[in-house]
1. Just want the answer: with Cβ charges of +1 for Lys and Arg and -1 for Asp and Glu, which residue in 20, 71, 122 is farthest toward the dipole's positive end in the chain?
2. With charges only on Cβ, +1 for K and R and -1 for D and E, what is the dipole size of segment 32-166 about its Cα centre, in debye, rounded to 20?
3. Only one of the listed values, (i) 17.4, 52; (ii) 15.9, 52; (iii) 18.9, 56, was derived from the coordinates as Rg and Dmax of the Cα atoms in Å; which label is it?
4. Dipole magnitude of segment 36-101 about its Cα centre, charges +1 at Lys/Arg Cβ and -1 at Asp/Glu Cβ only, in debye to the nearest 20?
5. Determine the gain in length on full extension of the stretch residue 131-residue 9; use 0.36 nm per residue of separation and subtract their C-alpha separation, reporting nm with one decimal.
6. Which residue, 112, 19, 71, tops the fluctuation ranking in a GNM of the chain built on C-alpha contacts under 10 Å?
7. With just the Cα atoms defining each centre, how far is segment 70-116 from segment 34-67? Give it in Å.
8. With unit charges on the beta carbon (Lys/Arg positive, Asp/Glu negative), name the residue among 105, 33, 146 whose Cα is farthest towards the positive pole of the charge dipole of the chain.
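Values in this text are rule-based calculations from the coordinates and carry no lab data. Not measured: the values here are computed from a predicted model. With ideal geometry, Cβ positions are generated from the backbone for all residues, glycine too; neighbour counts draw on all protein chains shown.
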Amino acid sequence: ERGETLNANQTRLRNRLFVLLGNTFYVAKDYRGALEQYEKALNFKRDDYYALASAAQCHRALGASAKAQEVFQETLTAIENSEDFMRERDRMTRAVIAVLAANAAKPCGDTVRYNRWTRHAHELLEGDLSVDGMSPKFFSPSTKRLVSSAELLREIEEAPLEAVPPNAA
């Protein structure tokens with residue numbers, strides 16, 4: 001629990017375990033159970049943007065939209081502070097980070113960041129991405145399932161940007 005004997009890789013894997021376990025609860029629509037697991041991950045690494053975005057989705061599903069917006073804002077900050085988008089070489093990982101950021105900017109009503117991250121997602125996901133006739137599948141941060149690049153892009157576009165009162169931003 002304290003991680004005293006874990007190396008850096010084991011620490012990352014522990015967080016992934018909590019996020020994946022949370023995803024199983026989320027898919028089963030047990031949002032409280034999912035939130036518990038995401039919060040365990042966040043107790044170990046407060047800036048885990050996958051856990052943050054997933055926790056925000058749970059708050060929204062549980063009707064706590066103000067808390068969801070706050071945690072989505074933390075998600076954006078964590079993504080941008082990590083610089084993972086610029087550092088990652090893997091196109092699929094970069095695409096999922098861009099979609100995650102666009103989806104986090106949307107409920108915050110942050111048009112500038114939403115447009116920037118949506119543009120990155122389109123650059124990475126449009127066109128023929130198939131290799132040897134096989135199309136890649138991407139992890140959807142929204143549905144917690146594997147989807148095509150077109151489905152992932154649709155997730156960004158479907159829900160409108162939420163209006164945020166001027167003094168809330």
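1. Among 20, 71, 122, the one farthest towards the positive end of the dipole of the chain is 20.
2. On the way: 18 positive and 21 negative charges, 56 e Å.
Roughly 280 debye for segment 32-166.
3. Looking at Rg and Dmax of the Cα atoms in Å for this model, the match is (ii).
4. On the way: 9 positive and 11 negative charges, 30 e Å.
With only Lys, Arg, Asp and Glu charged at Cβ, the dipole is about 140 debye.
5. Computed gain between residue 131 and residue 9 is 40.9 nm.
6. Result: 112 has the largest fluctuation of those listed.
7. If you average the Cα positions of each part, the centres end up 15 Å apart.
8. After comparing all options, I get 33.
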